[in-house]
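Peer 1: This is the structure I have questions about; it appears just below.
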Amino acid sequence: MAHQEGVTADAGDSSRVSLMNDPKARGLVFQALLIIAVIYLVYSGVTNAIDNLARAGIASGLGFFGERAGFDIGQSFIPYTNDSTYLRAFFVGLLNTMVVAFIGIFFATLIGFVVGLARLSKNYLVQKFATVYVETLRNIPLLLQLLFWYKAVLSILPSPRAGGLEPGAEVVFNLNNRGLYMPRIVPEGGAQLILYAFIVAVVAWILIGRWAKKRQMATGQQFPVFLTGLGLFIFLPLITYLVTGMPLSLEYASLQGFNMVGGWVIQPEFMALLLGLSLYTASFIAEIVRAGILAVSHGQSEAAFALGLRPNLTSRLVVVPQAMRVIIPPLTSQYLNLTKNSSLAVAIGYPDLVSIFGGTVLNQTGQAVEVISITMLVYLTLSLLTSAFMNWFNSSVALVER
Amino acid sequence: MNNKILSAVVGITAVAGLGATAASAATLDDVKAKGFVQCGVSTGLAGFSAPNDAGDWSGLDVDLCRGVAAAVFGDAKAVKYSPLSAKERFTALQSGEIDVLSRNTTWTMSRDTQLGLNFAGVNYYDGQGFMVRKSLGVNSALQLSGASVCVQTGTTTELNLTDYFKANGMTYNPVVFEKLEEVNAAYDANRCDVYTTDQSGLYSIRLGLSAPDEHMVLPEVISKEPLGPVVRQGDDQWFSIVKWVHFAMLNAEEMGVTSANADEMLGSTDPNVMRLLGKEGTFGEAIGLGNDWAYNVIKQVGNYGEVFERNVGASTPLAIGRGVNALWSKGGLQYAPPLR
């Protein structure tokens, strides 16, 4: 009865509504409750884990990061020995993951665009070949493909000692089942100037491009930006190299004992992983590219032809910019997939983050909760960074609607 | 709005659920309730734990699990096996997924003290060794500088390897895999010059290579690898059961009680044998089992010597001698405290 009275009293004053009946206030209350529940969930999860670990007598905390690792790693882009700390081992794994993901993304994009365009080709053979490629690779689980490439790489290549190499003799280029050996560039004094020359050339290339675009807008005159840029990119470092007295030398690999020593080596695990990741992801990217181009209506290119644009310019100025709008968002997902899929490296012995940190470090320290949490956090961060970059790129190529 | 309320409710229930999942201490009660022992074994190491032709698990480590089942249930078959990689094994035990880990696991101080685990004895004394192709012309581990070495992750092997090469001023290139089969395949494909793991493991793995005769195990043993069963810390009763199943098998060998003569021995008047077979005293009741616990272990699984010979001994393809694994009375290290 009292409730009934309340309702009628409220109805008397329509401007003042009870907080319970105000959808906005009610929404805020429930959202606050939800946030509290989530915070409590996380808090109790963490404290529970800590309590349970302590009760079970399992060491916890992040103190292990400062301890000596005591194990060796096959491939490292930063100086690392078995006397380094677990923290450094973590960074070695992180870098190995990032390197394979980055190069994988590069090749996947390249192959993906080529195959995607090939699927639209009017050449029967090219088009069918691209179709077979896409339908085969995207329909076989990646792990199997990785194992296949690893076994394929290993079983085709000879062992270094069976390759007919003279012990001790320097070779420029050698491919065996321990890796692809190439000369290593050894910088000497003044070599960093060459690096600076490359940077200057790239910056100049970009500036010239901007200037040329502005000039073309204003006067209609064109400028050979690409040739000039390429020329700068090649000749500026070359001249620096000659002027500074050729401060680079090459170190060659040679067969010594069991293995090749010296030179620059790409290990078979890396090759197999890169091959598997690139080819697999490229098959998805090819479909995305095809979809993007087909999404641009045929009328657009017809209109461009009617305006007198040549086919090359038509695709560069009319079709591709509109296709990119469709291509980039799903392309981002593929980049994220490739990065995450690189964790399958553990199956073929490539020392990535999961193998080194989530494998060896986890086992030597026994701190599974911390190690796995950190590993997950790293992949999350990598993915969010990739997303952020791609979103920025997307907004910079998005069509400006007038 | 309804969805938000729902998710909040789900969240709170989940929190309540988390609180309830504290590890239970009485493993024996759990095991009895479910009717079998969940035993963590390797993914396939001939002689220690591997499925045989009939698809049943067999091996030295498997027989310890069967012994525990015989002691608890009087039935050595009441075991279920969880094949685990080196990396997964401790987490599986810590989380309660398995009741006992019997998977050629090396007893080290950090594992014993920092992982919340207890080692219940040593059922095989081992040491780390190296296997190479005979064609390399190597006859000592000291000639291995510069070699590529295949090794499994999450093992003491990985650390011993580093220490050994470092101490001898040699270099090497590690190729690390997660699963035993992957290491085997990579070594067989000549990705590495050297395969390193416990020596018993090397003999076992060699049998599975495409041409076993082309490989040899180098004489150097570079580490101490006492392998034994592991249980969770904080359950002394279960710890005692696993420990004493192993000791009972050792004591049985020492007293000459075998699976063949166990019934006959029931009539023995030797007080040692009477205590072992439960004719005298209440040793089984003291650890929550029947007094015939050790009789069941010996009758159904055998004494340590029988188990050793059956799985890895001279009559098997592994043909490993007793060596340091002989009884203490025969010059070995296997020594069990008296059952009294």
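Peer 1: So, in segment B:184-216, of the ones that are surrounded by fewer than 18 Cβ atoms within 10 Å (Cβ to Cβ) and under 23 Å from the mean Cα position of the chain (by Cα), which residue ends up nearest to residue B:92 (Cα to Cα)?
Peer 2: Once the filter is applied, the top-ranked residue is B:208.
Peer 1: For residue A:271, all conditions in the list (1) within 14 Å of chain B (Cβ to nearest Cβ); (2) under 23 Å from residue A:376 (Cα atoms) hold save one; what is the number of the exception?
Peer 2: The single condition residue A:271 does not satisfy is (2).
Peer 1: Out of B:263, B:292, B:236, B:270, report the one residue that is acidic (Asp, Glu) and closer than 30 Å to residue A:53 by Cβ.
Peer 2: Sole residue among the options that is acidic (Asp, Glu) and closer than 30 Å to residue A:53 by Cβ: B:236.
Peer 1: Output the number of the condition that residue A:365 fails; it satisfies all remaining conditions of (1) more than 26 Å from the chain's Cα centre (by Cα); (2) surrounded by fewer than 19 Cβ atoms within 10 Å (Cβ to Cβ); (3) β-branched (Val, Ile, Thr).
Peer 2: Status for residue A:365: all satisfied but (2).
Peer 1: Okay, moving on. Take the conditions closer than 24 Å to residue B:184 by Cβ and not assigned by TED's automatic domain parsing to the domain that holds residue B:35 and apply them to residue B:156. Does it pass?
Peer 2: Yes.
Peer 1: Filter segment B:114-138 for residues that are under 30 Å from residue B:192 (Cα atoms), crowded, with 23+ Cβ neighbours inside 10 Å and within 13 Å of chain A (Cβ to nearest Cβ) and give the result.
Peer 2: Hits for segment B:114-138 are B:130, B:132.
Peer 1: Another question, then. Which members of segment B:55-104 meet the condition of being touching a residue at least 24 places away in the same chain (Cβ under 8 Å), more than 16 Å from residue B:37 (Cα to Cα) and of a type in the set (Ser, Thr, Tyr)?
Peer 2: Within segment B:55-104, just B:85 meets the criteria.
Peer 1: Is there a residue in segment B:278-297 that is farther than 30 Å from residue B:26 by Cβ, in contact (Cβ under 8 Å) with a residue 12 or more places away in the chain and not in a loop (DSSP other than H, G, I, E, B)?
Peer 2: No, that holds for no residue.
Peer 1: Additional query: Would you say residue A:343 is more than 14 Å from every other protein chain (Cβ to nearest Cβ), polar (S, T, N, Q) and surrounded by fewer than 19 Cβ atoms within 10 Å (Cβ to Cβ)?
Peer 2: No, not satisfied.
Peer 1: Working carefully through the options B:329, B:240, find the one that is in contact (Cβ under 8 Å) with a residue 12 or more places away in the chain, under 28 Å from residue B:94 (Cα atoms) and part of a helix (DSSP H, G or I).
Peer 2: Answer to the check: B:240.
Peer 1: Restrict the check to segment A:48-69 and report whether at least one residue is more than 14 Å from residue A:370 (Cβ to Cβ), in contact with a Ser or Thr (Cβ under 7 Å, 6 or more places away or on another chain), within 11 Å of chain B (Cβ to nearest Cβ) and outside any loop (DSSP other than H, G, I, E, B).
Peer 2: Yes: segment A:48-69 contains one or more residues that are more than 14 Å from residue A:370 (Cβ to Cβ), in contact with a Ser or Thr (Cβ under 7 Å, 6 or more places away or on another chain), within 11 Å of chain B (Cβ to nearest Cβ) and outside any loop (DSSP other than H, G, I, E, B).
Peer 1: Just to be sure before I move on: is residue B:193 charged (D, E, K, R), over 17 Å from residue B:103 (Cβ atoms) and within 12 Å of another protein chain (Cβ to nearest Cβ) in the structure I sent?
Peer 2: Here the answer is yes, as residue B:193 does meet what is asked.
Peer 1: I would also like to ask the following. Restricting attention to segment B:74-106, which residues are away from chain A (no Cβ under 14 Å) and not small (Gly, Ala, Ser)?
Peer 2: B:75, B:77, B:79, B:80, B:81, B:83, B:98, B:99, B:100, B:104
Peer 1: When the residues of segment A:126-174 are narrowed to those that are of a type in the set (A, V, I, L, M) and not in a helix (DSSP H, G or I), which ends up farthest from the other protein chains (Cβ to nearest Cβ)?
Peer 2: Here the answer is A:172.
Peer 1: When residue B:19 is evaluated against the numbered criteria (1) modelled with pLDDT under 95; (2) surrounded by 22 or more Cβ atoms within 10 Å (Cβ to Cβ); (3) of a type outside the set (Val, Ile, Thr), which criterion, by number, is the only one it fails?
Peer 2: So residue B:19 meets the others, but not (2).
The values are calculated or read from the model by the stated rules, or taken from the named source; none is laboratory data. The shown structure was predicted, so the numbers you read here are calculated from the model rather than taken from an experiment. All Cβ positions, glycine included, derive from the backbone under ideal geometry; neighbour counts span all protein chains shown.
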